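Student: I am attaching a structure below and will ask some questions about it afterwards.
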Amino acid sequence: MFDRDKWNEIFSTIRKNKTRTFLTGFSVATGIFMLIFLLGAGRGLRNGMIDVFAQDATNSMQIFGGRTTKAYKGTPKGKRIQMVNEDVLNLKKSIEKMDAISAMSYIPGAEVISYKNNYGNFNVSPIHDTYKEIKNFDILKGRFLNKKDILDYRKVVIIQDEVEDILFPKEEALGKFINVNKIKFKVVGVFSKQDFDENSRDIFIPITVAQKIFNNNDHLRRISFTLNNVTVAQSKDVEKQILYNMAAKHNFSREDKNALWIQNNIENSQEFSRMFDGIEKFVWIIGVFTILLGVIGVFNIMMIVVKERTKEIGIRKAIGASPISVVSLVLMEAIFITAASGYVGLIAGVGLLEAISQFDIIEKLYPPAAIYFLDPQVDLGVAVGATIVLVITGALAGFFPARRAASIRPIEALRDE
């Protein structure tokens, strides 16, 4: 039940001690502000990194050839492991739970890309049509490479939006022909993607065309594939299977860790998730301890309040006030100061996160970091949890001073100077 007299008394006490109450409330507000902001910033960092890493399917693996560091069966160390088209076919047959597989080749020598009088330095990567199932792209215009492009050796190309801006500043790119090392390729699509490299500017062409026209061989730079519904442990078994197969095929030791490099995104994504879970827990610990420091301030101020009002409390008890009424008075004041200050900190933290998100503050201050910080926010569960923490800590801050106030004997209180 709402007790107006009790609340009037609480507000009267607060007004008499404005500075002390403000400083105490400020420490609580700062604690909850830091908790909300750090949790929101951590969520923004997680979202940004997930968005960046999302260019690789989380169930994908990639294989790169390296150099041997051990002599093996008459082969000296330092041998380069060069993957070829046959490796793709062998992996496709040997790995049971494989969904899609794609290889990436390369164009030897300098890559000269132009359209009319516009030139640029771009990354030209020959790939299979299945590459889009392993790497995530946003197709802005046109289409991706398809199976017919691969089988019919079509001279077609898809370009990144940043490439379009350079080669086609005032024209529509689709349907136009660009020169790749003086050979014309038709633009059939424009895509965008998140990347660690802010200067990433990619062009994709059919791998069969590149190997026939430019390479005149079947050498590969990378093999990528996805697995269907496998655990981390199963993906590690696949790694071992790949290593054994490739070691037998390319004549290197299974124990040579530098001969082949396998990027396991299934394992990496799990470790990535664990890392951010750990960061979030750490932020909670910091935030809670910061709030506790503020609560200690509330505890101290309530002890001082009880000390200053000892005679008043004695008079109350002498004329019939129950210990519960005394306890409730002190508890209500402690909870009110804590909750009101915490709410201010909560609103300030959420407001700052919203401002950062709405006005793209990170992008304006430091553009390269913007892709790693996306949509900072605090969900309802965190806000409810912070509120519960505030109520509990406020109650704890007031409980011990309230118990001391309730234990004061009237005769002793009246003698207090």
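Student: Any idea how many residues of segment 115-124 are in contact with a strand residue (DSSP E or B) (Cβ under 6 Å, 6 or more places away or on another chain) and open to solvent by 10 Å² or more (accessible area, probe 1.4 Å)?
Tutor: 3
Student: Name every residue in segment 385-417 that is acidic (D, E) and either assigned to a loop (DSSP other than H, G, I, E, B) or at pLDDT 70 or above (or both), in order of residue number. Reasoning before the result, please.
Tutor: Residues of segment 385-417 that are acidic (D, E), as a first pass: 412, 416-417.
Across segment 385-417, the qualifying residues are D416, E417.
Student: Report yes if I107 is part of a strand (DSSP E or B) and on the phi < 0 side of the Ramachandran plot, otherwise no.
Tutor: no
Student: Looking at segment 273-289, I want the residues that are under 13 Å from R43 (Cβ atoms) and have a partner that is open to solvent by 50 Å² or more (accessible area, probe 1.4 Å) with Cβ atoms under 6 Å, at least 6 apart or on another chain. Which pairs are those?
Tutor: V283/L38
One line per residue, one yes/no per condition, for (1) open to solvent by 20 Å² or more (accessible area, probe 1.4 Å); (2) modelled with pLDDT of 90 or more; (3) in a loop (DSSP other than H, G, I, E, B); (4) under 21 Å from S253 (Cβ atoms):
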position	(1), (2), (3), (4)
K77	yes, no, yes, yes
D87	no, yes, no, yes
L91	no, yes, no, yes
E96	yes, no, yes, no
D99	yes, no, no, no
S102	no, yes, no, no
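Student: Here is a further query. I'm checking my understanding of the structure. Among residues of segment 163-192 that are touching a helix residue (DSSP H, G or I) at 6+ places or on another chain (Cβ under 8 Å) and part of a loop (DSSP other than H, G, I, E, B), which one is farthest from I113 (Cα to Cα)?
Tutor: Looking at the filtered set, the residue picked out is A173.
Student: To continue, here is another question. Would you mind telling me which numbered condition in (1) out of contact with any helix residue (DSSP H, G or I) (no Cβ under 8 Å at 6 or more places or on another chain); (2) surrounded by 18 or more Cβ atoms within 10 Å (Cβ to Cβ); (3) not charged (D, E, K, R) Q234 fails?
Tutor: With (1) out of contact with any helix residue (DSSP H, G or I) (no Cβ under 8 Å at 6 or more places or on another chain); (2) surrounded by 18 or more Cβ atoms within 10 Å (Cβ to Cβ); (3) not charged (D, E, K, R) applied to Q234, the lone miss is (2).
Student: If a residue has to be part of a helix (DSSP H, G or I) and either at pLDDT below 90 or within 16 Å of P76 (Cβ to Cβ) (or both) to count, how many in segment 249-261 make the cut?
Tutor: 1
Student: All but one of (1) assigned to a helix (DSSP H, G or I); (2) surrounded by fewer than 16 Cβ atoms within 10 Å (Cβ to Cβ) hold for I301, so report the exception by its number.
Tutor: Of everything listed in (1) assigned to a helix (DSSP H, G or I); (2) surrounded by fewer than 16 Cβ atoms within 10 Å (Cβ to Cβ), I301 misses just condition (2).
Student: Could you give me the residue pairs with C-beta distances under 8 Å whose first residue belongs to segment 36-48 and is at pLDDT 80 or above and β-branched (V, I, T), whose second residue is outside any helix (DSSP H, G or I) and open to solvent by 20 Å² or more (accessible area, probe 1.4 Å) wherever it lies, and which are 6+ apart or on separate chains?
Tutor: Every condition considered, the pairs that remain are I36/V378.
Student: Would you check if there is a residue in segment 361-377 being at pLDDT 70 or above, touching a helix residue (DSSP H, G or I) at 6+ places or on another chain (Cβ under 8 Å) and open to solvent by 20 Å² or more (accessible area, probe 1.4 Å)?
Tutor: Within segment 361-377 (the criterion being at pLDDT 70 or above, touching a helix residue (DSSP H, G or I) at 6+ places or on another chain (Cβ under 8 Å) and open to solvent by 20 Å² or more (accessible area, probe 1.4 Å)), the answer is yes, since at least one residue qualifies.
The values are calculated or read from the model by the stated rules, or taken from the named source; none is laboratory data. If you're wondering where the values come from, they're calculated on a predicted model, not measured in any experiment. Cβ: placed from backbone, ideal geometry, glycine included. Neighbour counts: every protein chain shown. Quick note on the areas: whole protein, heavy atoms, side chains included, nothing else; ligands and nucleic acids left out. Shrake-Rupley method; radii C 1.70, N 1.55, O 1.52, S 1.80 Å.
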